[in-house]
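For reference, the structure is listed below as structure tokens.
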Ligand SMILES: Nc1ncnc2c1ncn2[C@@H]1O[C@H](COP(=O)(O)OP(=O)(O)O)[C@@H](O)[C@H]1O
Ligand SMILES: [Mg+2]
């Protein structure tokens with residue numbers, strides 16, 4: 001142990017001036033700092049105020065003896081962890097055993113041999129330091145493990161949620177197909193019935209009063225017109241549900257084992273469809289404009305379900321960044337915008353750029369973005385997992401590249417590159 005590293009001090013407790021001067025000299029010669037107490041009670045009072053690294057404690061003293069002093073120090077949570085070495089002329093086994101059973105770490109017999117005092121003091125100072133650094137390490141590791149556990153739980157939740165959503169997407173599919181496939185024949189039947197009614201009206205222009213009244217009560221002309229509008233909106237609605245169901249199933253495609261050849265544009269579109277509700281105008285801001293500059297992309301061999309997760313995490317962050325910019329009044333006169341550009345580069349990497357004109361990322365935060373659990377958002381808004389998951393999927397799973405370009409207040413660009 002380096003003498004100069006030790007900023008703490010050793011407390012010597014002894015009532016005998018000769019013993020004190022021998023111990024002081026020994027410690028002094030080694031450059032170790034120390035303080036002195038001449039009885040048990042003042043030692044306890046001192047230790048409570050200022051904790052030493054180590055205590056050299058005499059057994060036989062007037063007032064409370066060394067054993068009782070030790071017992072009291074070990075009973076107090078503030079002082080219980082300070083190592084105590086007994087110094088005593090009592091060489092009998094009983095006294096030694098009693099000292100150890102009270103929690104002492106060692107024993108130095110009197111009269112003192114200076115070398116022995118120094119050697120034992122050094123060993124115990126070092127032990128204490130090692131114990132402390134070990135405790136620190138254990139606590140650091142425990143913290144890291146807890147973080148990893150949080151992450152696992154989150155991922156587990158996400159994957160369960162993914163399965164659930166894929167399941168719902170699938171379940172909706174059948175009933176919505178009944179509805180949408182029955183709409184065209186229904187439209188035909190209704191058109192035919194409307195024609196039939198017209199024909200009746202032409203052939204029997206003067207029906208009995210009962211029928212005339214019924215036609216008036218019904219407001220037949222209005223009903224015939226409205227029925228067509230209703231059918232059209234049913235058609236539109238069911239078409240939307242069908243797209244959503246397809247998007248949900250595409251988005252949550254479980255791709256556990258093998259890569260498949262996939263259309264990244266379809267993945268991006270499914271993701272945008274699912275994010276529709278967040279892109280819409282709300283009370284705080286206008287609709288977020290999504291500009292697609294899709295190039296020609298070949299089929300890309302990838303885990304599409306996971307790539308969709310990447311698009312989702314990055315697009316959701318872009319929307320958050322735009323919401324935040326509007327909240328801070330930074331882009332009140334600019335249209336909130338997300339641009340998605342795709343291309344293939346000279347090395348046959350598929351490139352997807354996602355650019356927003358939101359708050360941007362300050363330089364000092366950039367290197368931390370991909371750390372698990374790093375977030376600048378409040379607990380209800382962010383988990384800090386989005387980008388670390390995206391990084392894992394793009395870089396580790398697909399051997400691709402994930403880059404970010406951003407300036408605070410100038411918007412952000414994420415670039416995803418995947419080998420085709
Ligand atoms: N498009 C973006 N614009 C501004 N900041 C961003 C953007 N994307 C990510 N960030 C920053 O990176 C952090 C980490 O993102 P992420 O890992 O998805 O976690 P979360 O979104 O839950 O905070 C965010 O808290 C935010 O500070
Ligand atoms: Mg996020």
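Here, each number is a calculation from the coordinates, and none is a lab measurement. The shown structure was predicted, so the numbers you read here are calculated from the model rather than taken from an experiment. Cβ: placed from backbone, ideal geometry, glycine included. Neighbour counts: every protein chain shown.
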What nm distance separates the two modelled labels at residue 216 and residue 119, each placed 7 Å from Cα along Cα→Cβ?
12.4
Note down the nm distance, to one decimal, between modelled labels 7 Å out along Cα→Cβ at residue 287 and at residue 41.
8.6
For residue 395 and residue 28, FRET efficiency with R0 = 60 Å and r from the beta-carbon atoms, rounded to 0.05?
0.55
For residue 233 and residue 143, what does the FRET efficiency come to when R0 = 51 Å and r is the distance between their Cβ atoms, rounded to the nearest 0.05?
0.35
So for each of 279-286, 95-102 I average, over its residues, the number of other beta carbons within 10 Å; can you give me the resulting order with the highest mean first?
95-102, 279-286
If you rank 307, 327, 61, 273 by fewest surrounding Cβ atoms within 10 Å, what's the result?
327, 273, 61, 307
Determine the gain in length on full extension of the stretch residue 16-residue 206; use 0.36 nm per residue of separation and subtract their C-alpha separation, reporting nm with one decimal.
55.0 nm
Across segment 330-420, how large is the tail of the calculated P(r) beyond 15 Å, expressed as a percent of all Cα pairs?
66
Given 4 °C and 1.567 mPa s, how large is the Stokes-Einstein diffusion coefficient of segment 1-79 in µm²/s, with Rh as the Kirkwood radius over Cα pairs?
100
Which order do peptides 122-131, 397-406 fall in by mean Cβ count within 10 Å, highest first?
397-406, 122-131
Take peptides 205-217, 157-169, 349-361 and line them up by average Cβ neighbours within 10 Å, highest first, as a rough protection proxy.
349-361, 157-169, 205-217
Regarding the chain, what are the three Cα extents along the principal axes, ordered largest first, in Å?
136, 62, 47
When a footprinting reagent is the concern and you count Cβ atoms within 10 Å, what order do 277, 407 take, fewest first?
277, 407
Do the sum for the chain: with -39,500 (n - 2.57) for every DSSP H run of n ≥ 4, divided by all residues, what is the mean residue ellipticity at 222 nm, to the nearest 500 deg cm²/dmol?
-18000 deg cm²/dmol
For the chain, the longest principal axis of the Cα atoms and the Cα long axis of helix 264-274 enclose an angle in degrees, to the nearest 10, of 90
For helix 114-203, report the angle its Cα long axis makes with the longest principal axis of the Cα atoms of the chain; keep it between 0 and 90° and round to the nearest 10°.
10
I need to check one value: relative contact order of segment 294-353, counting alpha carbon pairs closer than 8 Å and at least 6 residues apart, in percent.
44
Relative contact order of the chain: what whole-number percent is it, with Cα pairs under 8 angstrom and at least 6 residues apart?
9
Against the longest alpha carbon principal axis of the chain, how many degrees, from 0 to 90 and to the nearest 10, is the axis of helix 209-218 turned?
30
For segment 145-252, what is the relative contact order in percent, using Cα pairs closer than 8 Å and at least 6 residues apart in sequence?
65
What distance in nm separates the simple spin-label points at residue 155 and residue 381, each placed 7 Å from Cα in the Cβ direction?
2.7
Stretched fully, the stretch from residue 130 through residue 74 gains (0.36 nm per residue minus C-alpha distance, one decimal, in nm) 18.1 nm
